[in-house]
Amino acid sequence: MSTISDLKQSISSSTAVQVVKDAIAKADSVAEYNALLSLTAERALDRAAKVDAGDITGPLAGVPFIVKDNFLAFGAPTTAASKMLESFNAPLQATAVERLEAAGAICIGKANLDAFAHGGSTENSAFGPTKNAADQTRVAGGSSGGSAVVTALDVVPFALGTDTGGSIRQPASFNGVVGVKPTYGTVSRYGVVAMASSTDTIGVFTTDAADAELVMSVMSGKDERDMTTLDDFFTPQLQPTSGQKIGLIKEFMTDDVDAEVRQSVNQYADRLRTAGHTVEEVSLSMLQYAIAMYYIIVPAEISSNLARYDGIRYGYRSSDVQTLAELYGKSRDEGFVAENKRRIMIGSYVLSSGFFDAYYQQAQKARTLLIDEFNKMFEQYDVLIGPVSPTPAFKLGENTSDPVKMYLADVMTVSPSLAGLPAISVPAGKTAAGLPVGVQLIGARKSDGQLLALAKSLEGAN
Ligand code: GLN
C-alpha cells in the first residue's frame, strides 16, 4: 500500500494529473468489489491540473482521496447509499472535505456504506454490498466498508469515514488498514449526513499511523457551524511517552472471542511489553451493558434525525400517492432500507411516552456510569487495548437474517463511542486463512495524538 509521501513523490516525479488518472484507473480496475458508488473524475482532473499549474498548493497538493458517500461533496450525488438520497446533489461541501481541499488534496470518488451508516457489514447499502479486500466472499465490514476497501486495495492513500459505534474501526480491522475514530468533537460534522448526533465522529482510513496523524491534523479543530467541535487540540507526537501503563480489557478476551483474534491481540500486547510498556489485565463492569445502551440511545437519535426525510423538502418522493399521509408514508417506506426502518421503529418506541423513562432515560443513566468507569480507569492506565471485533470478517450473508446477531458483533466498539473517547484500530496480523485482524487502542478524551504515537512506534516492529 502506498503512503501519502509515496504519492507526493509520484506527483513531483510526474504530474498531479497523472497521479489522479492512475487512481481513477485503479478504482475502475477494482469495480468488482463494489466499494465505490461514484467517481468525481471531471472535478478531480480539473483540480489536479490546477495543482500542476501551481494554482492549488498545500501539504496534500495533488494527493487523491475518497470519501464515504455520507459526506457532502461536489462532483457526484451524496446518496448515503440510500434510495432516499439517490439523486441528491450537495449544495455545499462538508467542512472536513473543504479543509482537505484547502490543503490541496483531491477527492476522486464516493465510497459505499450501509444506508445512512446503519450497519456493520456494508450489506445494508441500497446499491449492493462491498466485498472484503482480502477475500471477496466476505464482508467489508461497516458501515464505512467502501472507504476501508479502497484504502486496502491501494486506490488512494487515505479515505474518510464516519464512526458512530465502530464504523471506521471495524472495517479497518477487517481489511488490514489503520482506522481512526477521534475524540467526539475533534472534526466538524457539518455537511455529513447525521446518524446519531451524540456519538457521530469523522475519521480516516490510512496505510499507517503517520498518515492518519497528518490527515487528522488537517481536518480537526473548531468549526462555528458545528457547535460540538472542540478547540484544536490535535498535535502529532514524535515519540510515544515511554513506559506507559496499558490495560488489556478482560471482557473482550473471553472464550467466545475467536481464538486467532485473541492471539493477535496477545501478540500485540507482547510487542508493547518488549517496547518497555506495562500491560496488565483490567475489567470494566459496565461494558456488559454497552450494547443495550447503544441500541436504545442510537436508534432514538436516528429516529429523530431521519424525521426530516418526509418526501417534501428534498430526497425521494413516492409518485404513487393520493393523500398527504400516503406521500409521507410511501416516500419513507420506499426510500429507506429495512435496517433504517427497524431503527426508526425502535427509536420511536424508546422515546414514546410511558417507555421513555423505562428505556431511554435508563440507558442515559447507564451511559453516565460507563463514562465514570472509563474515567476512573484512565486515572490508572494510559491506554486500554483489546480486539476490535469478536471475529475476523464474516461471510457475506452470514448475519443478514439475524439483526440481533449483527448488533452483538459491535460489542467491542460501541463503548468508546458512548463515552466520546478516541479509539483506533491498527493492523495486528492475519489469521491462518489470510484474514486481517486489528487491535483497538482506546485512550482518554483528547489523547488521540498519544494513541497514534504509540501505534506508530510499534509499526513494522513485528
Ligand atoms: N455497526 C454499528 C451500528 O450498526 C456502528 C455503525 C456506525 O458506526 N455508523 O450502529
field: Selection status of residue 186, touching a residue at least 12 places away in the same chain (Cβ under 8 Å), within 15 Å of the ligand (Cβ to nearest atom), among the β-branched types (Val, Ile, Thr) and under 21 Å from residue 95 (Cβ atoms)
entry: no
task: Please state which of the following conditions residue 126 fails to meet, knowing it meets all the rest: (1) in contact with a Ser or Thr (Cβ under 7 Å, 6 or more places away or on another chain); (2) surrounded by 24 or more Cβ atoms within 10 Å (Cβ to Cβ).
output: (2)
Segment 192-219, residues that are open to solvent by less than 20 Å² (accessible area, probe 1.4 Å), touching an Asp or Glu at 6+ places or on another chain (Cβ under 7 Å) and within 14 Å of the ligand (Cβ to nearest atom): 196, 201, 203
Which listed residue, of 64, 77, 91, 59, is touching an Asp or Glu at 6+ places or on another chain (Cβ under 9 Å) and open to solvent by 20 Å² or more (accessible area, probe 1.4 Å): 77
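Can you go through 287, 238 and tell me which one is of a type in the set (A, V, I, L, M) and part of a loop (DSSP other than H, G, I, E, B)?
238
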query: Would segment 304-316 turn up any residue that is part of a helix (DSSP H, G or I) and open to solvent by less than 30 Å² (accessible area, probe 1.4 Å)?
result: yes
- prompt: Which of the residues spanning segment 64-103 are among the acidic types (Asp, Glu) and more than 15 Å from the chain's Cα centre (by Cα)?
  reply: 86, 98, 101
query: Has segment 347-366 got any residue that is more than 24 Å from residue 307 (Cβ to Cβ) and either among the polar types (S, T, N, Q) or assigned to a loop (DSSP other than H, G, I, E, B) (or both)?
result: no
statement: Filtering helices (runs of 4 or more DSSP H) wholly in segment 368-462 for at least 2 residues that are buried (at least 21 other Cβ atoms within 10 Å of the Cβ) and not charged (D, E, K, R) gives 414-419, 448-458
- line: Residue count, segment 142-179, condition more than 16 Å from residue 1 (Cβ to Cβ) and more than 9 Å from the ligand (Cβ to nearest atom), comes to 3
message: I'd like the full set of residues that are farther than 16 Å from residue 131 by Cβ and open to solvent by less than 10 Å² (accessible area, probe 1.4 Å), limited to segment 174-191.
response: 178, 179, 180, 181, 182, 183, 185, 186, 187, 188
field: Conditions (1) more than 30 Å from residue 433 (Cβ to Cβ); (2) away from the ligand (no atom under 16 Å from the Cβ); (3) open to solvent by 20 Å² or more (accessible area, probe 1.4 Å); (4) not hydroxyl-bearing (Ser, Thr, Tyr): number failed by residue 250
entry: (1)
field: Residue tally, condition farther than 18 Å from residue 200 by Cβ and not aliphatic (A, V, I, L, M), over segment 411-448
entry: 10
task: Could you please let me know if residue 26 is open to solvent by 20 Å² or more (accessible area, probe 1.4 Å) and either part of a loop (DSSP other than H, G, I, E, B) or within 20 Å of residue 149 (Cβ to Cβ) (or both)?
output: yes
field: Filter result for the condition that a residue is within 16 Å of the ligand (Cβ to nearest atom), of a type outside the set (A, V, I, L, M), part of a loop (DSSP other than H, G, I, E, B) and in contact with an Asp or Glu (Cβ under 8 Å, 6 or more places away or on another chain), over 121, 82
entry: 121
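Restricting attention to segment 29-54, and to residues there that are part of a loop (DSSP other than H, G, I, E, B) and of a type outside the set (Gly, Ala, Ser), which single residue is nearest to residue 151 (Cα to Cα)?
30
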message: Tell me whether segment 332-347 contains one or more residues that are open to solvent by less than 60 Å² (accessible area, probe 1.4 Å), free of Cβ contacts under 8 Å to residues at least 60 places away in the same chain, among the small types (Gly, Ala, Ser) and more than 13 Å from the ligand (Cβ to nearest atom).
response: no
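The values are calculated or read from the model by the stated rules, or taken from the named source; none is laboratory data. Just so you know, these numbers come straight off a predicted model, no measurement behind them. Virtual Cβ from ideal backbone geometry, glycine too; neighbours counted across all protein chains shown. In case anyone asks, the SASA skips ligands and DNA or RNA and just uses the protein heavy atoms, side chains included. Shrake-Rupley method; radii C 1.70, N 1.55, O 1.52, S 1.80 Å.
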